[in-house]
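Contents: one structure, followed by commentary.
The values are calculated or read from the model by the stated rules, or taken from the named source; none is laboratory data. Keep in mind the model is a prediction, meaning the values are calculated, not measured. Note: ideal-geometry Cβ built from the backbone for every residue, glycine included; neighbour counts use all protein chains shown. All accessible areas refer to the heavy atoms of the entire protein, side chains included, with ligands and DNA or RNA removed. Shrake-Rupley method; radii C 1.70, N 1.55, O 1.52, S 1.80 Å.
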Amino acid sequence: MIKYRLENYEEALNHQVIHMDQAVCYCPEFRAVRMMHHYPSRRLQLARAVWKGEMELSDYIGEINFAGILSRQGERWQNFRECPEDCTDVTILSRQMLLEKGYISPEVQAFQKALEEGKGRPDASVKWELPTDKDSKMGILLDDETAHCRKENEVDFNAYCQARGISFANGAESEFLGFEYFACGLVEEGIAHLEKLIEKYEKTGIEKLLVLSAKAAYLLGRFPEKWERKPSFEIVYLPEMLEPVKETEKTYVYGGSFNLRYLGNSELLNKLVPAASEEQIPTSQEFTPLLKGDARVNKLTIWQKPVGAEYRLFCPNQEMTEAIRKDACRDIETSQAEKILVFEPAAYAVLKKMFPKKKVVYYLQEAVQSL
């Protein structure tokens, strides 16, 4: 088994520390605080220097390397068609290395405290009433974020399943996916958590596992490949099964980082929510164009700005996270959309709060209404 360790990613780290000016203008952390040490190559230069013994570890270096929101926005791969995994991998593994060298991270301490208080998970477990059939070869994984982001999600998804004749081999009880382990540099603990989760569903004998969030699709599908783990079941992400949704009002579609940059689902979502016209508004931004017409008003690309981290942050830099949120919301406001269709559960509550006068809709609601 390949070890998911920094020493096995040295070439990727060496590549990522090469500075690239083109990405500065859309790196969310840099845009938020205008400090170059929050640009990916700069913080990784410091991490690499500590790893190689060229610099002493300091709280300053640790704080910078734990501050990023892992959105994959503003990285080399977006301009140079490189592997989108590399910067995320070496960032996670650098955080692990800094902890092993003695850095005491407030983020890690707060996360571990939340786990202790929640008996292994930061959020309470939730059960959904969904159709079950012990002979079904499809299972359902309900992630915490989807379970908690909107209480009507259960009713909407149950109605969708009933209408489509879908039933599951297991009951739906929300699962803590555990990306926070990796974001905190607790890599071995994170792998153990994911292995336990995968084994739980493998024991059911299912052939397919339906997931409702892009993060779940990534964490149980692609991510375990890093230590040569392949689940015995196929991961199916619900939007892959949905029919195109016809919008009758100006709608801004928010995909989220796991959809657009981790899974590369820009075209999936563009096709799922057709635009009235693919003609771009000439004055809109090159990488995130706005479209003419009264349906989808934005073209989803790998450059759509994140409204924030798609996992729970512990001890976040409040100035940075607030600026990132406002920056992304300015783009939405510029679109003059009447409605915001959200595919990312962590972003739903944020956008509801930021746009109280707009119609903010979660995609499960749209799925049942299209039946």
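Being touching a Pro at 6+ places or on another chain (Cβ under 6 Å) and over 18 Å from Lys359 (Cβ atoms) is not true of Gln304.
Screening Ile18 against (1) assigned to a helix (DSSP H, G or I); (2) aliphatic (A, V, I, L, M); (3) modelled with pLDDT under 95 leaves a single unmet condition, (1). Pairing residues of the range 104-123 that are under 10 Å from Cys184 (Cα atoms) with residues that are among the small types (Gly, Ala, Ser) and part of a loop (DSSP other than H, G, I, E, B), at Cβ distances under 8 Å and at least 6 apart in sequence or on separate chains, gives Ser105/Gly185; Val108/Gly185.
Checked against (1) open to solvent by 10 Å² or more (accessible area, probe 1.4 Å); (2) at positive phi, Gly256 passes all but a single condition, namely (1). Of the residues making up the range 1-24, those that are open to solvent by 80 Å² or more (accessible area, probe 1.4 Å) and free of Cβ contacts under 8 Å to residues at least 60 places away in the same chain are Glu7, Asn8, Glu11, Ile18, Asp21, Gln22.
The single residue among Phe343, Phe287 that is within 16 Å of the chain's Cα centre (by Cα), closer than 22 Å to Gly264 by Cβ and not acidic (Asp, Glu) turns out to be Phe343.
If the condition is being under 23 Å from Lys119 (Cβ atoms), in contact (Cβ under 8 Å) with a residue 40 or more places away in the chain, open to solvent by 20 Å² or more (accessible area, probe 1.4 Å) and more than 16 Å from the chain's Cα centre (by Cα), then the range 149-174 contributes Gly171, Glu173. Considering only residues in the range 233-249 that are assigned to a loop (DSSP other than H, G, I, E, B) and among the aliphatic types (A, V, I, L, M), the one that is surrounded by the fewest Cβ atoms within 10 Å (Cβ to Cβ) turns out to be Met241. When Arg42 is tested against the conditions (1) assigned to a loop (DSSP other than H, G, I, E, B); (2) without any contact (Cβ under 8 Å) to a residue 40 or more places away in the chain; (3) open to solvent by 60 Å² or more (accessible area, probe 1.4 Å), the lone failure is (1). Considering Lys215, Lys226, Lys196, Lys230, the condition of being free of Cβ contacts under 8 Å to residues at least 24 places away in the same chain and part of a helix (DSSP H, G or I) is satisfied by Lys196 alone.
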